[in-house]
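Notes to accompany the following structure.
The values are calculated or read from the model by the stated rules, or taken from the named source; none is laboratory data. Note that the structure is a prediction, hence the values are computed from the model and not measured. Every residue, glycine as well, gets a Cβ built from its backbone with ideal geometry; the counts of neighbours run over all protein chains shown. The accessibility values were calculated without ligands, DNA or RNA, using every heavy atom of the protein model including side chains. Shrake-Rupley method; radii C 1.70, N 1.55, O 1.52, S 1.80 Å.
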Amino acid sequence: MKKLTLVIVLSFVVLAYPNQTNASKMPCSLILEPVDKHLKNAKGKGTALIYKVQLNPPSFVRTNISIMAVHLPHPSTYGRYDQYEGFATIPGYISWRFKLYSTPEEDGVTWAGKFDWITEEMKNVKIQVRPSNSKTEKLGSPLLQGTLSSCN
């Protein structure tokens, strides 16, 4: 009886968890490294998470990029900027930009935001955090960035 129970349990486990060759590569994560290595607390300033979402079923599935950045100086440090934006691009093809919202905390501000409307395949995507001006919509140079070779 114990052997039969063990076989049933193992069979369930094998069926419940597909093997890795058939598993999706999503979600993917990426550490956004500082472009300026002189930034205070430079290591590990930002992360990006890429995953599939279905917002209003029965709509089609899209890709989401979520960014979180910490220990960044106020955007005005870099010129006439008042916020940060996430910027993602497949160079020479398409780009997306979206506002990062500030959350004041005890030791500074966390900047975070997301974009849910991507339908392109996520290959060779460059993801950045940049200062921006909310009135002129001018985008500054990248402060944090990373490149994702593939995420399906």
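Structure above, values below:
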| read-out | value |
| --- | --- |
| Residue 141, sole failed condition from (1) crowded, with 16+ Cβ neighbours inside 10 Å; (2) touching a residue at least 40 places away in the same chain (Cβ under 8 Å) | (1) |
| Residue count for the stretch 100-117, restricted to those that are assigned to a strand (DSSP E or B) and open to solvent by 90 Å² or more (accessible area, probe 1.4 Å) | 5 |
| Test result for residue 81, in contact with a helix residue (DSSP H, G or I) (Cβ under 9 Å, 6 or more places away or on another chain) and either closer than 21 Å to residue 39 by Cα or buried (at least 16 other Cβ atoms within 10 Å of the Cβ) (or both) | yes |
